[in-house]
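So the structure is just underneath, and the comments pick up after that.
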Amino acid sequence: MIGWVLLGLFLLFFPYLHTWPAASSFLDSVDNTTGLGIGGTFGVFQMTTLGVWLVILTGLNILTGYSGQISLGHGAFVAAGAYITAILLDQTATPLVVAILAAAIGTAAIGFAIGIPSLRLTGPYLAIATLAIIVSMPQFLKWDKVSEWTKGSTGIDLPSADVPTFLGLDRFMDDSQWLYYSVMVPAVIMTVLAWNLTRSRIGRAFIALRDSEIGAQQMGVNVSLYKTLAFAISALYAGVGGGLFAYTQDFVSPDSFGIFQSIEFLVVIVIGGLASTLGSVLAAIFFVYQDGVVLRLAELIGFPERLRWAFFGVGLILIMIVAPNGVAGLVQRLKTLRPATVLEMLRQARPSAMISRLRNHPLAERLGLGRRDEHDPGDEES
Amino acid sequence: MIRVLKFQDVYASYGSVLALQGVSLKVAEGEVVALLGANGAGKSSTLRTISGLLRPSKGIVEFEGRRIDRTAPERIVQMGISQVPEGRQTFTELTVIENLRLGAYTRRDGRAVKQDLERVYTYFPVLAERRRQQAGLLSGGEQQMLAIGRALMAKPRLLLLDEPSLGLAPILVREIFEIIGKISKEEGLAILVVEQDASLALGIASHGYVLETGTVALHDTADNLKKSDSVRRAYLE
Amino acid sequence: MKLPNVGLFRLVLLLAAAMMVLAIACSSDDDDDGDGEPTEPAAETEAPSDGDDLSFIPEDTTGITDTEILIGSHMPLSESSAAIFGTQIVPGMQAYFAYINETEGGVNGRKIRLLVGDDHYLPSDTNTVVRKLVEQDGVFAIVSGLGTAQHTAVFEYLTENNIPDLFTATGATLFTDPITRTTFGYNPNYVQEGNAIGTYIAENFPEGTRVGLLIQNDDFGNDGKDGIESGLEGSGITITTTETYEAVNSDMTAQVQRLRNADVDVIAAYTLPLQSGSLINNARSTLDWDVPIIISGVSADPITILLAGDAGQAEGVITTAYLTPTSQTEHPGIQKHIEIMAEYGGGADATNLSVYGQSVAELTVKVFRDAGQDINRRNVIAAAEQVRDFLCSVCLGTINLSPTDHRSIETFSFAIAEGDSWVLFGDLVSYESTP
């Protein structure tokens, strides 16, 4: 309980921390050592973007971590949310909250629509289909028929967010602090909602159909409904995240959402921890802060920053072997971990064991690369 | 005796392949019925038809007097038919207790669920011991027990068992079958068991059906079937 | 309440503890750089020195110390095909700054230090790296930010905070038309270049010539198309077919086939090197088609000739250039550049793009020098707007800037593929808009 209060206070006062000289010099010294980027107004901006990615990654974790469906093109949902918000803000007098709600509903509908054909696809086929969505998205955004709204390849440039003057808010905060709260409040709410969802009937249904579709069906779970529902909920999160993205970046263009980025989404939730709210939080922290830290590390040990993905790849494989449930799983295991267990693990560390751990990893399973012992339901009496 | 399940002249097919060609069978309350037959005879198709995964093209399927041959699979579970699928299909990344809770997915009577959990633990004490363990880490026999326990959590009045002995050591199989027999007796539960090992199935069943190429070739009491020459030749020796 | 809360709490504690340890460990060496704020309140009260209409820009000296001028840039260095730009331009800039720092002791006694943020060609990352440069590293100015969408993402931020945004590495018109006082373009814009290409076609091909376009489906391609159309106006030559492609697609087989089917007499292309190579290779090799091809100067790199396939297939292809190509090894500017790269380039090769990097660096040094000993954000803008007839060591034409013209390079030449390099030919074409 006290942990939650501390976390809440930290999030509440973070944007003012750097205005307090003692804290400010502390944050700066952390930045100078680690390259994190938590001090000054830049620190507030980073934390704001953390909120944006948290919403998006929480949504992806619902889809991939809980319902077991893979999406390599999640950036397309984010783009949809960002564009809906940006178009409404740019071309109509829609208030921000309404625009983001519209983005949430619109993107959820798109997610539902995409979820239906995805019912027939699993593993690598679903991965490729979702990849196709993100690849074709820029073409769609530049298409003549929609470019009137999307502004084609130029993208939509919004005015930067200003702190509103009502209630004298502008006397208490500057633009960066205002932006922080406008993102962090929905981000925290969405995260708590996701946590509740995953512990609800719906969440249990997702887990059931992830682990065994046949088993879930036998439990009375409507598999088709829940698989599409997972897509819709995940897309709804991406829609809200996209809306907040448009608001904080005040610019969206077809180039804003790369294929690499969508793959990175997946990488960070595996590192953070699949099927875990804490995992999504860690994933978002990792997503935002790794750039600065890797850069600092690169300076220290002298490898080119360009090798970031090689670094990622090795890290990902290590995490998949050592901590199949990501860093979140590791954190939870810390308290039961004894030196003897570690020694035992090291003793058993043979290449064959490592490969089998990789093959058994949930991600490998979701990609259809893992070991399969389920029967195809259509394969009668084989 | 109250009739729980009735199959009347049921036809079903996968595309152009006929799987069931006029199957009729009955299961009554508190009764264990064995469904025997070679691979491809239509055993699994019969189970899939009951649980609503396969739509019959002709014929009637009734559960407690209500037709279910056009009912959605999840609705059938709610009505009181649970299946223990072939290959067990436990939720390997979840704990034993989470698996059992998921068994009660369609139920909304929280307190009764808790009682049923205890009941499952008395049938399968090993599940109580391992309640916090990941299902994937259980042995094959324990996983089979979990699958049965999970099916019981839905509080069914008809339990469908698909090849419960598959891939298990004989001693475990016997133990599981004993428990199945006990459950049937104590709960008054109707059980339809599909099994390759006919002697095992007929050991707990009151009567059985032998399927051949989608039709019922033989129907008799378990004792008679055990004595039947054709059954002995085909399945018992 | 299940495990996650405990886990999260522990993590927060763990992080806090780690931060504290790190902070104690390094508290000895963090006293030197305290200010990272974009504006210094003291500067605003001082009287404006020159260019009175620039008085809205504070005489801010963030990033300036007695010994150093700290500047930043955003470039794609990894994770994108556009990284070929950043990874060659940056060494060119760094080498020239190092050369100036070593041989001349920097500018007015201050050494220039350039920090480059890798934005992976992703606009949201541009936003992050530029804010970091401005708010944390406290750079004085952003120089040569690359990419249209990428720079758009930070354009407003830089403008609002009055941060000098010098010589953007894009030919898009939106940063220079209309004028934003703190932002200066560098590349000739694609409309002007397209106009030159259109004019070239009008002058060198008979009336009734059928022109086929191959353009990238974005501002780059569309600006180029607009320019070509304006250049062809009134010549009796028209564009009969326009083929487009997406930047992620590098195979032009289908597009070239359709141009062939449309029976065009000349192809003009707004393509990047990869696609230009594919265009030439498909026309010459696959279709055995000797149609004249003119491509945008963006592709005026030896790599295009290489990608066009062997056997001199690119021979005779025409492009535009505004810098001396490295193939002109007898050119003194190029000789000097090769020397500088060898000495200060950190192992990077001298390429047409490193030449580009040096040319921007030369203009930057010129402007910083003109701003004088008391360099600040206001007088550096004033100095930039007073650049007249500046000819960098590798430029073809002079650069002129003024309060009404923030376009740097507006003069260029044509070049033709010969062997494995581009050779300049013909007269300079100038669109200079500073009188």
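The values are calculated or read from the model by the stated rules, or taken from the named source; none is laboratory data. What you see is a predicted model, and the numbers here were worked out from it, not measured in a lab. Positions of Cβ are generated from backbone atoms using ideal geometry, with glycine treated the same way; all protein chains shown enter the neighbour counts. Ligands, DNA and RNA are stripped out before the accessible areas are found, and what is left, the full protein with its side chains, is counted by its heavy atoms. Shrake-Rupley method; radii C 1.70, N 1.55, O 1.52, S 1.80 Å.
General remarks:
- Within region C:183-284, chymotrypsin sites (Phe, Trp or Tyr not before Pro) in DSSP loop having at most 10 other beta-carbon neighbours inside 10 Å: none
- Structural descriptor for chain B: relative contact order 28 percent, calculated from alpha carbon pairs under 8 angstrom and at least 6 residues apart.
- Equivalent ellipsoid semi-axes - Cα gyration tensor, chain A, angstrom: 34, 29, 20
- Net charge of neighbours whose Cβ lies under 14 Å from the Cβ of residue A:99, counting Lys and Arg as +1 and Asp and Glu as -1: -2
- Portion, in percent, of the accessible area of chain A that falls on carbon or sulfur, probe 1.4 Å: 69
- With kT/(6 pi eta Rh) evaluated at 4 °C and eta = 1.567 mPa s, and Rh the Kirkwood radius from Cα pairs, region C:344-435 diffuses with a coefficient of 87 µm²/s according to Stokes-Einstein.
- Scaled against 2.2 N^0.38 Å for its residue count N, the alpha carbon radius of gyration of region C:120-190 is 1.00.
- Net charge of Cβ neighbours under 13 Å - reference residue B:66; Lys, Arg +1; Asp, Glu -1: +3
- Accessible area per residue in Å² at 1.4 Å probe, computed on region B:18-65: 30
- Region C:125-156 and region C:227-283: distance between their alpha carbon centers, rounded to Å: 34
- Kyte-Doolittle mean at least -0.5, axial Cα span of 15 Å or more - DSSP H helices of chain C: C:3-26, C:83-104, C:148-160, C:190-204, C:332-344, C:352-371
- Of the DSSP H helices in chain A, those whose Cα atoms cover at least 27 Å axially and whose Kyte score averages 0.0 or more: A:40-60, A:96-118, A:123-142, A:175-198, A:223-249, A:277-301
- Amide H contacts under 5 Å for residue B:36, placed H, 5+ residues apart: B:209, B:210, B:211
- In a DSSP loop and with at most 14 other Cβ atoms within 10 Å, the chymotrypsin sites (Phe, Trp or Tyr not before Pro) in region C:48-155 are C:56.
- Beta bridges per DSSP with both ends in chain B, % antiparallel, nearest 5: 55
- Relative to its Kirkwood radius, the Cα radius of gyration of region B:1-86 gives an Rg/Rh of 0.93.
- Region B:154-203 pair-distance distribution - Cα-Cα, 10 Å bins, rounded %: 25, 58, 17
- With contributions of -39500 (n - 2.57) from each DSSP H run of at least four residues, the per-residue ellipticity at 222 nm computed over the protein assembly as shown stands at -16000 deg cm²/dmol.
- P(r) tail, region C:191-321: Cα-Cα pairs separated by more than 25 Å, 14% of all pairs.
- DSSP-loop GluC sites (Glu not before Pro) across region C:153-255, with at most 14 other Cβ within 10 angstrom: C:207, C:233
- Only protein heavy atoms count here, probed at 1.4 Å, and on that basis chains C and A bury about 4500 Å² of accessible area in total.
- Interface residues, region B:31-48 - accessible area loss of 40 Å² or more versus chain alone, probe 1.4 Å: B:48
- Couplings 3J(HN,Hα) of region C:403-410, computed from phi: x, 10, 9, 9, 9, 6, 8, 10 Hz, in residue order, whole Hz [Karplus 6.51 cos²θ - 1.76 cosθ + 1.60, θ = phi - 60°; x for Gly and Pro].
- Look at the alpha carbon pairs under 8 Å that are at least 6 residues apart: their mean separation over the length of chain C gives a relative contact order of 16 percent.
- Accessible surface ranking that places the most exposed of A:276, A:25 first, with a 1.4 angstrom probe: A:25, A:276
- Residue C:180 versus residue A:5: modelled label distance in nm, points set 7 Å from Cα along the beta carbon direction: 4.7
- Sequence-ordered 3J(HN,Hα) estimates for region B:215-227 from the Karplus curve with 6.51, -1.76 and 1.60 and θ = phi - 60° stand at 10, 7, 8, 8, 9, 7, 5, 4, 4, 5, 5, 4, 7 Hz, glycine and proline given as x.
- Using the Stokes-Einstein relation with a Kirkwood hydrodynamic radius computed over Cα pairs, the translational diffusion coefficient of the protein assembly as shown at 25 °C and a viscosity of 0.890 mPa s comes to 74 µm²/s.
- Taking 1.002 mPa s as the viscosity and 20 °C as the temperature, the Stokes-Einstein diffusion coefficient of chain B based on its alpha-carbon Kirkwood radius rounds to 119 µm²/s.
- Just so you know, the Rg over Rh for region A:30-111 is 1.08, from Cα atoms, with Rh as the Kirkwood radius.
- Normalised Debye scattering of region C:295-365 at q = 0.21 Å⁻¹ gives log10 I(q)/I(0) of -0.96, counting only Cα atoms as equal scatterers and leaving out solvent.
- Long-range HN-HN contacts of residue B:216 with modeled amide H, under 5 Å: B:24
- On a per residue basis, the convex hull of the C-alpha atoms belonging to region C:356-410 measures out at 74 Å³.
- Chain C shape via C-alpha gyration tensor axes, a/c threshold 1.5: prolate
- Length-normalised contact order of region A:2-366 in % [C-alpha pairs under 8 Å, at least 6 apart]: 28
- Reciprocal mean inverse distance between Cα atoms of region B:63-147 - Kirkwood radius, Å: 14.0
- Amide H partners (placed H, <5 Å) of residue C:243, local residues excluded: C:213, C:214, C:215
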